1. Restricting attention to strands (runs of 3 or more DSSP E) lying wholly within region 1-87, give those where 2 or more residues are small (Gly, Ala, Ser).
2. So if I check each of 71, 37, which one is within 14 Å of residue 144 (Cβ to Cβ) and either loosely packed, with under 13 Cβ neighbours inside 10 Å or modelled with pLDDT of 90 or more (or both)?
3. Just a yes or no: is a residue in region 143-150 touching a strand residue (DSSP E or B) at 6+ places or on another chain (Cβ under 6 Å) and of a type in the set (Val, Ile, Thr)?
4. Do you know which of the residues in region 109-166 that are hydroxyl-bearing (Ser, Thr, Tyr) and not in a loop (DSSP other than H, G, I, E, B) is surrounded by the most Cβ atoms within 10 Å (Cβ to Cβ)?
5. Within region 42-65, is even one residue of a type in the set (D, E, K, R), in the same structural domain as residue 134 (by TED's automatic domain parsing), crowded, with 17+ Cβ neighbours inside 10 Å and modelled with pLDDT of 90 or more?
6. Can you report the number of residues in region 185-198 which are touching a Leu at 6+ places or on another chain (Cβ under 8 Å) and either basic (Lys, Arg) or modelled with pLDDT of 90 or more (or both)?
7. Look at residue 91 and say whether it is modelled with pLDDT under 80 and in contact with an Asp or Glu (Cβ under 8 Å, 6 or more places away or on another chain).
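The values are calculated or read from the model by the stated rules, or taken from the named source; none is laboratory data. The structure displayed is predicted, hence computed values, not measured ones. Positions of Cβ are backbone-derived with ideal geometry, glycine not excepted, and every protein chain shown enters the neighbour counts.
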Amino acid sequence: MSTHTSQGPAQLAFNLALVAYDYKFEERKPNQLLSVRHFVKQPQISGLLAQGTSNIVVPRIQPSEEEKSQRDDSIVGVWVGMRPSWVDQNLNDNTVKAGKGSSVSSNKGFPLVQFDKTALRVVVPLGKKTANYYSLVNPMQGLCTAYHKPIEEVFFFPEFRDDAATSAHARRESWERRHETRARSVNYRDDFKRLALAETRVLLSIESHIGDLIQALRDGQDNDTDMDTFVEILERSQGLLRKDITVLQELGGSILDKDEDTSGDEDEVEDEDDE
């Protein structure tokens, strides 16, 4: 481990103790959704790793096409950060604790964990009331199994942090609040079906209005219809389209911004013994 001096916080992941991790993946998309095979609460990832590396296949940091693709029946999490293997030996090391009053924004000499090719991606399941953290391992046909882990082991990306928080307690509260909001912000299956139906409705409406305009133009050529009639048809069509688009925008906004308590499908989270 070294002391950070060059990169800014926006290019690094941080844990609650203000240790930075250089994950070296510039292509990462903020708030990226990843599909998984399933979530496993027991054993936790630390217990699985303790059994030996023969139980673990570390996936690439680059998401697979299968992970990036979400279908109606997909089990989905949001990629919030990384778990470098360093945490197994150093999680309780007092030498890496942040000083009193320190924050990501104010700390100029935070410890830096260099890139670890065995680091694991961490996701939070969507559609849940509270945030839980899972490491992705053992890819099969492009999708990983997600094993539960405590928040202390996670190094979070910038969009999942409050960089002004000046104590570990404040960071835990504010960061978890962000994660919980994101976790329950999308009731994935139902909301995206509704959004797809609304989009389809708008497209069909546009097609219908265009058909009406074409027919009106043809009739006008035959009957010497004046321009005022065409303008009236256009304005009526425009008004109907605006109503449909407003419905679509409101629905899309509610999917991204709603803060209601949704617990999701509990059968997506299981114990390893149930497989």
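1. Numbers: elements: 33-36, 38-40, 75-83.
Output list reads 75-83.
2. Working: 71 fails: within 14 Å of residue 144 (Cβ to Cβ).
Of the residues listed, the single one that is within 14 Å of residue 144 (Cβ to Cβ) and either loosely packed, with under 13 Cβ neighbours inside 10 Å or modelled with pLDDT of 90 or more (or both) is 37.
3. yes
4. At the first step, the residues of region 109-166 found to be hydroxyl-bearing (Ser, Thr, Tyr) are 118, 130, 133-135, 145, 147, 166.
Retained after the next criterion (residues that are not in a loop (DSSP other than H, G, I, E, B)): 133-135, 145, 147.
Working: 133: 26, 134: 29, 135: 26, 145: 20, 147: 25.
In this case the residue turns out to be 134.
5. At the first step, the residues of region 42-65 found to be of a type in the set (D, E, K, R) are 60, 65.
Filter again for in the same structural domain as residue 134 (by TED's automatic domain parsing), leaving 60, 65.
Okay, now just the ones that are also crowded, with 17+ Cβ neighbours inside 10 Å, so none.
Checked against the condition, which is being of a type in the set (D, E, K, R), in the same structural domain as residue 134 (by TED's automatic domain parsing), crowded, with 17+ Cβ neighbours inside 10 Å and modelled with pLDDT of 90 or more, region 42-65 yields no hits at all.
6. Of the residues in that region, 1 qualify.
7. Details: modelled with pLDDT under 80: yes; in contact with an Asp or Glu (Cβ under 8 Å, 6 or more places away or on another chain): yes.
Yes.
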